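Everything below concerns the one structure shown next.
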Amino acid sequence: MVRCRVIAHGTVQGVFFRDSTRREAERHGVSGWAANEPDGTVQMVFEGSDEAVEAMIAFVRDSPGHSSVSSVDVSHEPVEGVSGFSTR
């Protein structure tokens, strides 16, 4: 199990980015959350297998929904054992 905090920059708010990410996370069995930030980014936490979390990071980089992702910041964190995936 791994946990990554991911910040997506670009046109990522108001374009179904969080909902697309939630659906993809559920498909991969990844837990965590996605939230709009005041600076226009979307911050996410992904917990799951190495492969599933890497798939989620690739999904974010590919600009899901109607988004246009210009850059992605990824940092690793200690696993917390969260369950389910929510949008905030």
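No lab work stands behind these numbers, since they all come straight from the coordinates. Small disclaimer: the values here were computed from a predicted structure and weren't measured. Backbone-built Cβ (ideal geometry, glycine too); neighbour counts: all protein chains shown.
Among what's in segment 1-36 and is acidic (Asp, Glu) and closer than 16 Å to His66 by Cβ, pick the residue that is surrounded by the fewest Cβ atoms within 10 Å (Cβ to Cβ). Can you show your working first?
Step one: filter segment 1-36 for residues acidic (Asp, Glu), giving 19, 24, 26.
Now restrict to residues that are closer than 16 Å to His66 by Cβ: 19, 24.
Values: Asp19: 13, Glu24: 16.
For segment 1-36, the residue satisfying everything is Asp19.
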When every residue in segment 38-75 that is assigned to a strand (DSSP E or B) and within 9 Å of Ile7 (Cβ to Cβ) is compared, the one nearest to the chain's Cα centre (by Cα) is Met44
Unmet requirement for Gly40, which otherwise passes all of (1) in contact with a helix residue (DSSP H, G or I) (Cβ under 8 Å, 6 or more places away or on another chain); (2) on the phi > 0 side of the Ramachandran plot:
(1)
Which residues, taken from segment 1-37, are closer than 20 Å to His76 by Cβ, outside any helix (DSSP H, G or I) and not small (Gly, Ala, Ser)?
Met1, Val2, Arg3, Cys4, Arg5, Val6, Ile7, His9, Val30, Trp33, Glu37
For segment 1-36, which residues satisfy the criterion of being in contact with a Ser or Thr (Cβ under 6 Å, 6 or more places away or on another chain) and under 12 Å from Ser86 (Cβ atoms)?
Arg18, Arg22, Ser31, Trp33, Ala34
Just one of the numbered conditions (1) exposed (fewer than 13 other Cβ atoms within 10 Å of the Cβ); (2) part of a strand (DSSP E or B); (3) of a type outside the set (A, V, I, L, M) is not true of Glu80; which one?
(2)
Out of the residues in segment 37-62 that are among the polar types (S, T, N, Q) and within 17 Å of Thr87 (Cα to Cα), which is surrounded by the fewest Cβ atoms within 10 Å (Cβ to Cβ)?
Gln43
